[in-house]
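One structure is given below, encoded as structure tokens.
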Amino acid sequence: MKKYEKLRLWYKSPAEQSHTGWENNSLPIGNGYIGGTVFGRTDIERVQFNEKTLWTGGPDPQNRPHYHYGIIEGKETLLAEIRDLFARKKEHEAKVLTEQLIGENADNGGNGFGGFQNFGDMYFEFAHNPSGVEEYVRELDLDTAIASVSYRYEGIRYLREYFVSYPDNVMVMRFSADKSKSITLNVCMVSAQGAHVSIEEDALIIRDRLTDNHMQYEAWLKVIPDGGTMKSLKGKLEISDADSVLILMTAGTDYANIFPDYRGIDPHDAIVERIQEASKKGYEKLKESHLADYRNIFSRVELNLGHEHNDIPTDILLKAYKSGERNHYLETLLFQYGRYLLIASSRKGSLPSNLQGIWNDSNTPPWNGDYHFDVNIQMNYWPAYSTNMAECAIPLVEYVDSLREPGRISAAAYTGIKSTKENPENGYMIQPINNPFGWTAPGHDISWGWAPGCAPWVLQNIWDYYRYTLDREYLKSTIYPMMKEQSRFWQQYLVYDEESGRMADIPSISPEQGNISKGTTYSQELAWQLFSDTIDASEILDVDEDLRSEWKNLKDMVKPLHIGNDGQIKEWYEETTLGSMDCDRKHRHVSHLLGLFPGNHISDAAPEYVEAAKVSLNDRGDENTGWAMGHRMNLWARTGDGNRAYDLLNSFIKNGILDNLWDTCPPFQIDGNFSYTSGVAEMLLQSHLGYVNFLPAKPDDWDKGYVKGLVARGNFVIDIEWSQGRADKFVVVSKQGEKFAGKYKRITEARIQNESGDEIKTERVGSDMISFDTVKEGKYIIKFEGTGN
Ligand code: FUC
């Protein structure tokens, strides 16, 4: 097996100059703040770009002085009235009244919801006629996060390189050739907002305000030719006969995630400084710091699924896969691409990765390019910890923390649960749709709009930050307060339902499936998980003993899981057989199975629920939107059925992937990329039940391979090697010196040594499970040699 090979997406033709070309073929680069998509054209190269904070909507003293997070006032007593009707068995009236439990209409960004905007395009007019171009290659190298275009034209070899540096916060582009004085082009920039582009010596500048909310935005493109001449002409910079050209671009806005105005300072000074600093550094140094930064995260994980070296263009590889030719290299590439995309769209200091990550060529993107909290944003972060990129999840933690203030106003307006002077952190609410201006009101259509489980759900991602890193300080200062406040909310929000004998979320809706009812599995399960996790967190920190006993009580009283007459996990408490409720049995959302993944309630500890989850999954079927197949992949991995998980992986690649390997819902939506990466990790390693489960859902097709650098909860970094379908070796690096527990068939017969070759004393804690003490940074090798492998 070859130890290492280049991970790249590559093509023999450019992307078409159209939205379809953008969506299917352009290649994304980014640093969390700035995103770019490279078309790779030879006549007129196009690089479309975004800055993540450029959003319409939100508050604006002139246009929207009464912006109020989507809240419709006067609904404070509605919930109590609905609950009273339910209690008096007036179900019909209760349901009718529930339809009023909605927020302002956000369709097309209305009522200040706004939408993520396209910033603009850069055009580089080379006038290299495509018909004369030879040996054309357009690629995105995942090992360097550099996109490039190379070709031969009239006997000269041209090379163009593009990356976005996180440390310097600039997009860097360099055009060169194998012959001096060969770079001749015009450079122009176009604002997607219709702003004027001015020229100042060697720079093109966009500086304006959005008409919708007066947000100030600015972008600078600076051209630094090496040799040749440069002049400006009709809004363009004309470069002739240069040896090479370096182009730097950076952008910003005066958005700040600060409640309630969401504005900070004029971005001008910071932009000018960044451009100046970057030009002083020069190409080589910029590249050096970019590579050091990027590789530090990306190179932590290696995956090989036993494939041979593969040098076929990515679109051709994908086409073959779609027609039934499985290819483990492509499966690996897609796994690593998910990691690449998260590094490119979510870095500390930036807003989190949105529905399209950071790449958007439209001012009216699908679903406003927003943050969806009824699966999508959670999914974006599923691979962050398990594939060794915990720092990429910091934007999510900080963002959700920032939603507590507006979320309290929404909670008060719709549930009457108010913060007081004595108790300022008394509960916040997050609902399915959200913009970066604190929109936390319910959605405008009840079939999906009311889903208070959104906050507990995303808190699973946030609690996992601690579980993977064991960063106790962060748990104490940031994570636990968020969990505690949400638990306080649910303490006050749940009501006793006599009929079912449960503390229940009433009214309750299974996201996007509808059916106004009482205590759907979705919200009961999320409440269960929230209490369970908050209890654990409070025990770790040794705080809030009094609250803890109340949470324990509630955890026992929410009783989320019920098996229906067909042996399925019920989606609604009222459900009898599959399909007995008004629902789409093939629906993309599988919200009643969250206890299996990402939660840990459905496990081998009660195998009847695992079996019931399989019945539900089989009934839902495999074919679905990209992200939904990705979710199913993770779910099947958790059942331990690697071959079913692999079926989903196949369906996902066949039906959910575009030529540039972006996931499609359709349209392009990035969450599926992330659930794929998470799914592969879940097939190889699981750690949600207090121990490490090695190769828990490895399909037969992955007969040999290795993975390095996956992370398990407890902060263990893990390598696995296997051949002929069975593990040969595990390497465990204990980052925090915790006690280690691991499960694998006949692991009790394995030989365990530390780095110096000393035998490690282990304890047998089950038929296929061992545990042993570790020291901080200690390395442990678990070998199966000579154990009848
Ligand atoms: C949820 C999904 C849709 C889509 C949207 C952005 O509402 O049900 O399929 O992914 O988010």
With the structure loaded, tell me whether Glu45 is more than 30 Å from Tyr217 (Cα to Cα) and not hydroxyl-bearing (Ser, Thr, Tyr) or whether it fails that test.
no
Out of the stretch 84-100, which residues are assigned to a helix (DSSP H, G or I) and either surrounded by 18 or more Cβ atoms within 10 Å (Cβ to Cβ) or without any contact (Cβ under 8 Å) to a residue 24 or more places away in the chain (or both)?
Asp84, Leu85, Phe86, Glu91, His92, Glu93, Ala94, Val96, Leu97, Thr98
Residues of the stretch 453-478 satisfying the condition of being more than 16 Å from the ligand (Cβ to nearest atom), within 17 Å of Gly599 (Cβ to Cβ) and out of contact with any strand residue (DSSP E or B) (no Cβ under 7 Å at 6 or more places or on another chain)
Ala455, Pro456, Leu459, Gln460, Asn461, Ile462, Trp463, Asp464, Tyr465, Tyr466, Arg467
Reported set for the stretch 582-603 where residues are in contact (Cβ under 8 Å) with a residue 60 or more places away in the chain, closer than 19 Å to Trp528 by Cα and more than 16 Å from the ligand (Cβ to nearest atom) is Gly595, Phe597, Pro598, Gly599, Asn600, His601, Ser603
Looking at Gly443, is it within 16 Å of the ligand (Cβ to nearest atom) and not in a helix (DSSP H, G or I)?
yes
Top-ranked residue in the stretch 500-514 [being surrounded by fewer than 24 Cβ atoms within 10 Å (Cβ to Cβ) and within 16 Å of the ligand (Cβ to nearest atom); ranked as nearest to Ile433 (Cα to Cα)]:
Glu512
Selection from the stretch 621-673 of residues that are of a type in the set (Lys, Arg) and either surrounded by fewer than 24 Cβ atoms within 10 Å (Cβ to Cβ) or touching a Pro at 6+ places or on another chain (Cβ under 7 Å) (or both)
Arg644, Lys654
Long-range neighbours under 6 Å by Cβ, at least six apart or interchain, first residue farther than 10 Å from Val732 by Cα within the stretch 698-716, second of a type in the set (Gly, Ala, Ser) and in a strand (DSSP E or B)
Lys704/Ser723
Can you tell me which residue in the stretch 392-413 is surrounded by the fewest Cβ atoms within 10 Å (Cβ to Cβ), limited to those that are touching a Lys or Arg at 6+ places or on another chain (Cβ under 9 Å) and of a type outside the set (Gly, Ala, Ser)?
Glu398
Looking only at strands (runs of 3 or more DSSP E) that fall completely inside the stretch 201-258, which ones have 2 or more residues that are β-branched (Val, Ile, Thr)?
203-209, 216-226, 244-253
Single residue of Ser346, Ser350 found to be of a type outside the set (A, V, I, L, M), touching a Cys at 6+ places or on another chain (Cβ under 6 Å) and surrounded by 20 or more Cβ atoms within 10 Å (Cβ to Cβ):
Ser346
So which residues in the stretch 282-327 are under 25 Å from Gly21 (Cβ atoms), of a type in the set (A, V, I, L, M, F, W, C) and over 24 Å from the mean Cα position of the chain (by Cα), if there are any at all?
Ile312, Ile316, Leu317, Ala320
Being under 27 Å from the mean Cα position of the chain (by Cα), assigned to a helix (DSSP H, G or I) and in contact (Cβ under 8 Å) with a residue 24 or more places away in the chain: is that true of Asn108 here?
yes
Taking the conditions exactly as written (loosely packed, with under 14 Cβ neighbours inside 10 Å and outside any strand (DSSP E or B)), does Ile271 satisfy them or not?
no
Given the conditions (1) exposed (fewer than 15 other Cβ atoms within 10 Å of the Cβ); (2) assigned to a helix (DSSP H, G or I), every one holds for Leu79 apart from (1)
Lys704 is checked against (1) of a type outside the set (Ser, Thr, Tyr); (2) in contact with a Phe, Trp or Tyr (Cβ under 9 Å, 6 or more places away or on another chain); (3) at positive phi and fails just one. What number does that condition carry?
(3)
On the basis of being at positive phi, touching a strand residue (DSSP E or B) at 6+ places or on another chain (Cβ under 6 Å), modelled with pLDDT under 95 and not aliphatic (A, V, I, L, M), does Gly306 make the cut?
yes
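Per-residue answers, yes or no, for (1) over 15 Å from Ile29 (Cβ atoms); (2) buried (at least 24 other Cβ atoms within 10 Å of the Cβ); (3) touching a helix residue (DSSP H, G or I) at 6+ places or on another chain (Cβ under 7 Å):
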position: Ser323; (1), (2), (3): yes, no, no
position: Leu334; (1), (2), (3): yes, no, yes
position: Leu342; (1), (2), (3): no, yes, yes
position: Pro365; (1), (2), (3): yes, no, no
Lone qualifier among Glu325, Glu308 - being within 30 Å of Val137 (Cα to Cα) and either in contact (Cβ under 8 Å) with a residue 40 or more places away in the chain or touching a Lys or Arg at 6+ places or on another chain (Cβ under 8 Å) (or both):
Glu308
Filter result (crowded, with 24+ Cβ neighbours inside 10 Å and either of a type outside the set (S, T, N, Q) or touching a strand residue (DSSP E or B) at 6+ places or on another chain (Cβ under 9 Å) (or both)) within the stretch 414-431:
Tyr414, Gly427, Tyr428, Met429, Ile430
Conditions (1) out of contact with any strand residue (DSSP E or B) (no Cβ under 6 Å at 6 or more places or on another chain); (2) more than 18 Å from Ala127 (Cβ to Cβ); (3) surrounded by fewer than 21 Cβ atoms within 10 Å (Cβ to Cβ) -> Asp202 fails only (1)
Which is hydroxyl-bearing (Ser, Thr, Tyr) and surrounded by 23 or more Cβ atoms within 10 Å (Cβ to Cβ), of Ser580, Ser591, Ser603?
Ser591
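A quick yes/no check of all residues on (1) in contact with a Phe, Trp or Tyr (Cβ under 8 Å, 6 or more places away or on another chain); (2) within 20 Å of Arg502 (Cα to Cα):
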position: Asn565; (1), (2): no, no
position: Ile569; (1), (2): yes, yes
position: Asp582; (1), (2): no, no
position: Gly595; (1), (2): yes, yes
position: Pro598; (1), (2): yes, no
position: His601; (1), (2): yes, yes
position: Gly621; (1), (2): no, no
position: Asn624; (1), (2): no, no
Looking only at the stretch 325-357, which residues are more than 16 Å from the ligand (Cβ to nearest atom) and not in a helix (DSSP H, G or I)?
Glu325, Arg326, Asn327, Ser346, Arg347, Lys348, Gly349, Ser350, Leu351
Looking only at residues in the stretch 650-674 that are charged (D, E, K, R) and within 20 Å of Gly324 (Cα to Cα), which one is nearest to the ligand (Cβ to nearest atom)?
Asp663
Residue satisfying condition, being exposed (fewer than 14 other Cβ atoms within 10 Å of the Cβ) and either modelled with pLDDT of 95 or more or over 36 Å from the mean Cα position of the chain (by Cα) (or both), within set Arg726, Arg746, Arg764:
Arg764
Just name the residue that is nearest to Asp121 (Cα to Cα) out of those in the stretch 358-390 that are within 15 Å of the ligand (Cβ to nearest atom) and among the β-branched types (Val, Ile, Thr).
Thr364
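The values are calculated or read from the model by the stated rules, or taken from the named source; none is laboratory data. All of these numbers come straight from a predicted model, not from anything done at the bench. Note that we place each Cβ from the backbone using ideal geometry, even for glycine, and neighbour counts take in every protein chain shown.
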